[in-house]
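Take a look at the structure below.
The values are calculated or read from the model by the stated rules, or taken from the named source; none is laboratory data. Keep in mind it's a predicted model, so treat the numbers as computed, not measured. Cβ coordinates were reconstructed from backbone atoms using ideal geometry, including for glycine residues, and neighbour counts include every protein chain displayed.
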């Protein structure tokens, strides 16, 4: 859509999701939909005085938030959704690993580090299935240590 490589496209998309849609990309269907969603949530926020988030049911209350604007509210909603979904994923991973030698040792934004016992390599398919359940694409990297 942008006419650039994948890494640059990802960077442009994130900049626009978190900082606002650039004028030159407002006609791209994805960004039109994002813009409508932002407008809808902003109207809901101002009409009801709050927004209730999916998954967590957390409420962002208008009276408790200073200097709110449509983009900032969208960022809050987006971060809440991502964190809530990741908590569900972590819960499922921990359920699989309960009583096992393998452990979930680090979670950062969109990455999960598992110290996988060589005796339990089959667990990775179960972990992969969790991400499939949430319709997420994954890449697996492995090595003898974190730097590898």
Search result, residues across segment 70-113 that are farther than 18 Å from residue 13 by Cα, in contact (Cβ under 8 Å) with a residue 24 or more places away in the chain and touching a helix residue (DSSP H, G or I) at 6+ places or on another chain (Cβ under 8 Å) = 89, 92, 93, 96, 97
ask   = Restricting attention to segment 38-48, which residues are exposed (fewer than 13 other Cβ atoms within 10 Å of the Cβ) and either within 19 Å of the chain's Cα centre (by Cα) or on the phi > 0 side of the Ramachandran plot (or both)?
value = none
query = With 73, 106, 94, 88 as the choices, which residue is at pLDDT below 95 and within 21 Å of the chain's Cα centre (by Cα)?
reply = 106
ask   = Is it the case that residue 136 is under 16 Å from the mean Cα position of the chain (by Cα) and modelled with pLDDT under 95?
value = yes
query = Within the bounds of segment 55-68, is there any residue that is surrounded by 15 or more Cβ atoms within 10 Å (Cβ to Cβ), under 18 Å from residue 18 (Cα atoms), within 19 Å of the chain's Cα centre (by Cα) and without any contact (Cβ under 8 Å) to a residue 60 or more places away in the chain?
reply = yes
message = If I go through segment 123-139 residue by residue, how many of them are over 15 Å from residue 94 (Cα atoms) and out of contact with any helix residue (DSSP H, G or I) (no Cβ under 7 Å at 6 or more places or on another chain)?
response = 6
query = Counting residues that are over 30 Å from residue 147 (Cβ atoms), which strands (runs of 3 or more DSSP E) fully inside segment 22-134 reach at least 1?
reply = 50-52, 59-61
inquiry  = Pairs please, first residue from segment 119-148 and in contact (Cβ under 8 Å) with a residue 40 or more places away in the chain, second anywhere and assigned to a loop (DSSP other than H, G, I, E, B) and surrounded by 10 or more Cβ atoms within 10 Å (Cβ to Cβ), Cβ atoms under 7 Å, 6+ apart in sequence or on different chains.
reply    = 131/138
ask   = When you look at residue 24, is it surrounded by fewer than 17 Cβ atoms within 10 Å (Cβ to Cβ), more than 17 Å from the chain's Cα centre (by Cα) and modelled with pLDDT under 95, yes or no?
value = yes
